[in-house]
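The values are calculated or read from the model by the stated rules, or taken from the named source; none is laboratory data. All values reported here derive from a predicted model rather than from experimental measurement. Every residue, glycine as well, gets a Cβ built from its backbone with ideal geometry; the counts of neighbours run over all protein chains shown. Please note that ligands, DNA and RNA were not included when accessible areas were found on the heavy atoms of the full protein model with its side chains. Shrake-Rupley method; radii C 1.70, N 1.55, O 1.52, S 1.80 Å.
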Protein chains: 2
Amino acid sequence: MSRASAKTRCDTVLKRGAERRDVLRALGEVFRAHGYEGASLTLITDATGLGKGSLYNLFPGGKEQMASEVLAEVDTWFECNIYAPLREASDPARAIAAMIAGVDQYFHSGNRICLVGLVALGAARDTFAEAVDDYFARWHAALAQLLQRSGLNRRQAQRRTEDALLTIQGALVLARARNDAGIFRRALNNLTARLLAPPE
Amino acid sequence: MSRASAKTRCDTVLKRGAERRDVLRALGEVFRAHGYEGASLTLITDATGLGKGSLYNLFPGGKEQMASEVLAEVDTWFECNIYAPLREASDPARAIAAMIAGVDQYFHSGNRICLVGLVALGAARDTFAEAVDDYFARWHAALAQLLQRSGLNRRQAQRRTEDALLTIQGALVLARARNDAGIFRRALNNLTARLLAPPE
DNA sequence: GACTCGTTGTACCGATCGGTACAATCTTCC
DNA sequence: GGAAGATTGTACCGATCGGTACAACGAGTC
């Protein structure tokens, strides 16, 4: 998942990919709900409505390929809706507000889990280590770069970016743990202010 | 896991509990490494050195009881080493520094995962929902109370406490995802400053 | 030493795991 | 319509899942 392929990925016309998209979406929800190990083929066939035959025809690599493609799909979404806008933004305040809005939308205001974070914590981390690291690394790079353009020095930009990413992850964990999506909403609000604060 | 039993739990003399403690410790590491679903009995027997016979003699309730007792053990550790000191502290600054130091120690400076957070994200959340919520709720109560005593109003104390807990969780996730324990260390440093900052 | 009773290893249980084989079916193109 | 190729449901595979049964073993007690 290199930076170079990012642009083309976003503009790709999905000829016969529409239904595959639907399958990937369903797969994503199964993995989110049960984790990589917990997502049994029975659960997967139920969620997708596809039999094993179709499933292994679509994903010859089995469960690993399914999860891998789901992660790639997540990555693409963030690339198009979060990272690219951050990189191309001229107005930092607007860009940050847009990022927060995008994150809030993607995670259903705290009612949806971060699949990448979930995979990172589980035993499957090693299998998908590259995709996991890449997801956060590219987010980090895009946001830190924007913060630097907005006037922060490199060190401050790095620190604030790290803070932003872990705040989002932590808010998702805590919101889920305490079954209180308000935690996520409040964290995002607070985060906006912290990111937009003047250099210290 | 009620608040009332907290005190006695800490002072309990473990007559024949010493070896059970060791087993629970090993169990904890297996669950941390593989999650609840992923921790198969084979992995468990390997990690504990106990056969199934001994295991089901010690834990008639099977895997669920094992995980339940491990969570209780985690809870006890935090009760004794984190929550109780926070409640009984007279000097807020010292208490917060002690909390951060305890957290850093427990999570091996970012190289160890939060089992409660992991369970919260997984499918086993519902099974252990009460223990999970309780863990964070008691931490929240103890810290918020201390912050109020240090001069913050209720609202600010709540906000900062929520921020502290999710920062710790998020830092653990991100540190693991990016395989960089430095993220956790930096987050804890930053958190100390934020908690000790004067009322806004 | 014999009796007790908690502890342990081991064989085994049905269910389910991820994955494969393959015949039946559906499309597509001529 | 019919040949060709992709797509699908279903039966099946060995391995492993969490859990049980039980006989062998162990430390105490008399």
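When B:E73 is tested against (1) buried (at least 19 other Cβ atoms within 10 Å of the Cβ); (2) on the phi < 0 side of the Ramachandran plot, only condition (1) is not met. For segment A:100-109, does any single residue satisfy the condition of being open to solvent by less than 10 Å² (accessible area, probe 1.4 Å) and within 14 Å of another protein chain (Cβ to nearest Cβ)? Checked against the condition, which is being open to solvent by less than 10 Å² (accessible area, probe 1.4 Å) and within 14 Å of another protein chain (Cβ to nearest Cβ), segment A:100-109 yields at least one hit.
Which residues, counting only those in segment B:173-183, are under 22 Å from B:A137 (Cα atoms) and either of a type outside the set (A, V, I, L, M) or more than 8 Å from every other protein chain (Cβ to nearest Cβ) (or both)? Spell out the reasoning first.
Start the filter on segment B:173-183 by keeping residues that are under 22 Å from B:A137 (Cα atoms), which leaves B:173.
Across segment B:173-183, there are no qualifying residues.
Within segment A:124-143, residues that are more than 10 Å from chain B (Cβ to nearest Cβ) have Cβ atoms under 6 Å from residues that are open to solvent by less than 10 Å² (accessible area, probe 1.4 Å) and part of a helix (DSSP H, G or I) in these pairs: A:R138/A:Y83; A:A142/A:Y83; A:A142/A:L86; A:L143/A:L86; A:L143/A:T161, counting only partners at least 6 apart in sequence or on another chain.
When restricted to residues that are at the interface with chain B (Cβ under 10 Å from one of its Cβ atoms) and surrounded by 24 or more Cβ atoms within 10 Å (Cβ to Cβ), segment A:144-163 contains 1. For segment B:117-132, state whether one or more residues are within 23 Å of B:R94 (Cβ to Cβ) and within 17 Å of the chain's Cα centre (by Cα). The answer is no, given that none of the residues of segment B:117-132 is within 23 Å of B:R94 (Cβ to Cβ) and within 17 Å of the chain's Cα centre (by Cα). Residues in segment B:29-65 that are open to solvent by less than 50 Å² (accessible area, probe 1.4 Å), more than 8 Å from DNA strand D (Cβ to nearest atom), away from chain A (no Cβ under 14 Å) and hydrophobic (A, V, I, L, M, F, W, C): B:L50, B:F59. Pairing residues of segment B:188-200 that are farther than 14 Å from A:E162 by Cβ and open to solvent by 30 Å² or more (accessible area, probe 1.4 Å) with residues that are of a type in the set (G, A, S) and part of a helix (DSSP H, G or I), at Cβ distances under 6 Å and at least 6 apart in sequence or on separate chains, gives B:L196/B:A93.
Does A:R176 fit the bill of being basic (K, R), closer than 22 Å to B:E200 by Cβ and crowded, with 16+ Cβ neighbours inside 10 Å?
Values: basic (K, R): yes; closer than 22 Å to B:E200 by Cβ: no; crowded, with 16+ Cβ neighbours inside 10 Å: yes.
So A:R176 fails the test.
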